[in-house]
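Readers should treat all values here as calculations from the given coordinates under stated rules, not as data from a laboratory. Note that this is a predicted model, so its numbers are computed, not measured. Glycine also receives a Cβ, built like all others from the backbone with ideal geometry; neighbour counts cover every protein chain displayed.
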Amino acid sequence: MLYHLSYGPVWLWMVRGMRTAMSDEAIEDREKAQQAEDEAADGPAVPQEGDAGEHSGEGHGHPDKSAKRTEEKPKPSRAEVSNYEIVEHWFKDAAERLELPDDVAAVFRSSYREVQVQIPVRLSDDRIHVFSGYRVQHNGARGPYKGGIRFHPEVDLDEVRALAELMTWKTAIVNIPYGGAKGGVNCDPSKLEPHEVQSIARSFMDKIEKVLGPQRDIPAPDVGTNAQVMAWLMDEYGKLHGHTPACVTGKPIALEGSFGREAATGRGVVQVFTEAASEEDLDPGDVTFVMQGFGNVGAWAARLMQELGARMVGVADADGAVASAGGIDAEKLAEHVRDGGTVGEFDSGADEIDPEDLVALECDVFIPAALGGMLHADNADRMRCRMIVEGANSPTTPRADEILIEKGVRIVPDVLANAGGVIVSYFEWVQNLQHFRWGEDEVNEKLGEIMRRAYRQVTDRAQENGTPMRPAAYELGIERVVEAASTRGYI
Ligand code: NAD
């Protein structure tokens, strides 16, 4: 049986680039200052899609694009601009408006620490397969590093860097006491046996445990990982350090996980949607929505939208897409997926559509909940929604963002919209440190308070400055991180 991602239930160390950001900066500062001068006239250029697959590697050396073990299969198109370029673009954009000095900005343009490890695992074919594992800690000024671990064939250092930086801004925007980190392994869990995924998870933990810990860096689930993977990671960490539930979050309830964590990201998406709907004169109980991705985030967001009365008129996963103007039952689809099915195999009477056409479905709200770069220069113009609430990380490229804003689409950005997961991870960590458990209603209520407060702060800033929500959110996050870093004397 292959490893199915339901949301229920050394001989060689290769530590590459394990360095502090500070050590490279003196050299890079001069180059960056020159570049900053060049850009000063008209702000950072929007990264062009199609003419550059890789970023310049600025501040990091070249991105690692090591060979992947798994085969590619046809998928809806993603932008050629990388996640790293997307996050860098928004950072530069906000840093300029904040008039952040170049030397200060340079601290945040690279990571504090980047660890790459080799994960050799003997799989069922009796051969040793060598995977690459990464943990990137971007900035820890506001607290211990925090961020998910992704198991996906396309994981590479470049992507993990981008996602780690995104976590720094996200935790600051929602004002929880964490820094930003991310991790990943370039494996494809959908093609692996459960015991193989377990071996990879344990081996990865053995190799990165020295930079983790409840007061240092706390991983959580992300694409391709779930509560079960977190349980294996916690168990492996416990072998070395004694029982330490606060070392990872997103654990199963039976292992000191928090009530409400599994649904938290999807719930947060729906909470900010409800806030945005009232500003757009939309009745949350009477809207149509399209869900791109139907994993943890997508399936929970879809069910909670449906609970409000909203109708899902299109949905996709990595294997296909379906549409139905009459609506697709999110609850039944979630059950079907939990049992190992795919969206395309769901017998709902919906029409199978080309996954490329999902974005063109007419709806009130489009919720990207898959991978980064899926709304890009070549498909943004086809979108026919009033609002985008970003469940996924970096789903919209800067060029697509421009096109959509021009079309009058409201975008509730990832750094705010999908923060529900890290917020309830924070609650789980707090509960674990106290060896105490809160009820689910309490968790959901506290989540709502933080999401609504952050939403209000971001929209207030956007109104003050006359910008869309994303630039306002970045400004807020960057300001808070800079203040913490300078107050503690790091910069
Ligand atoms: P998941 O692995 O549970 O689900 C991912 C879903 O996306 C699956 O349904 C998969 O089939 C689908 N998908 C993959 N490629 C696709 C494609 N090309 N087209 C359409 N669908 C595709 O992952 P998840 O935890 O739900 O995470 C989804 C997104 O949300 C990611 O960007 C992740 O970084 C972000 N996110 C997750 C959390 C969390 O708590 N899990 C928190 C914040 C942000």
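Tell me the Kirkwood radius of the stretch 169-297: reciprocal of the mean inverse pair distance over distinct alpha-carbon atoms, in Å. Working shown, then result.
Working: mean 1/r = 0.0597 Å⁻¹.
Every distinct Cα pair counted, the radius reaches 16.7 Å.
Please go through the residue pairs Lys182/Lys210; Lys170/Lys251; Lys92/Lys170 and name each one whose alpha carbons sit more than 19 Å apart in this structure.
Over 19 Å apart, Cα to Cα: Lys170/Lys251.
Between the stretch 302-352 and the stretch 95-164, what is the separation of their alpha carbon centroids in Å?
Going from one Cα centre to the other spans 33 Å.
If I take R0 = 22 Å and measure r between the Cβ atoms of Leu240 and Gln215 in this structure, what FRET efficiency does the formula 1/(1 + (r/R0)^6) give, to the nearest 0.05?
My answer for the efficiency is 0.90.
Can you list residues from other chains, or at least 5 along the same chain, whose modelled amide H is less than 5 Å from the amide H of Glu80?
Gly50
Hey, if you put +1 on the Cβ of every Lys and Arg and -1 on every Asp and Glu Cβ in the stretch 333-491, which of Ser348, Val337, His435 ends up farthest toward the positive end of that dipole?
His435
So what does the Cα-only Debye profile of the stretch 228-323 read at q = 0.10, 0.19, 0.24 Å⁻¹, as log10 I(q)/I(0), no solvent term?
Here log10 of I(q) over I(0) equals -0.39, -0.89, -1.13.
Taking amide H atoms as placed 1.01 Å from N in the peptide plane, list the residues 5 or more away in sequence, or in a different chain, whose amide H sits under 5 Å from that of Ile411.
For Ile411, the qualifying residues are Ile388, Met469.
Taking amide H atoms as placed 1.01 Å from N in the peptide plane, list the residues 5 or more away in sequence, or in a different chain, whose amide H sits under 5 Å from that of Gly147.
Ala181, Ile218, Ala220
Give me a comma-separated list of calculated 3J(HN,Hα) values for the stretch 99-115, in order, Karplus coefficients 6.51, -1.76, 1.60 applied at θ = phi - 60°, integers in Hz, x for any Gly or Pro.
With the stated coefficients, the stretch 99-115 comes to 6, 5, x, 4, 5, 6, 4, 4, 4, 8, 8, 9, 8, 5, 8, 10, 10 Hz.
Whole-Hz ³J(HN,Hα) for each residue in the stretch 399-416, computed from phi via Karplus 6.51 cos²θ - 1.76 cosθ + 1.60 with θ = phi - 60°, x for glycine and proline: what do you get?
Once θ is set to phi - 60°, the couplings for the stretch 399-416 become 5, 5, 4, 4, 4, 5, 4, 4, 6, x, 7, 7, 10, 8, x, 3, 4, 10 Hz.
Compute the convex hull volume of the Cα atoms of the stretch 86-129, divide it by the residue count, and report the result per residue in Å³ as a whole number.
With only Cα atoms used, the stretch 86-129 gives 92 Å³ per residue.
What are the radius of gyration and Dmax of the stretch 324-453, computed over its Cα atoms and given in Å?
In order Rg, Dmax, the Cα atoms of the stretch 324-453 give 17.8, 51 Å.
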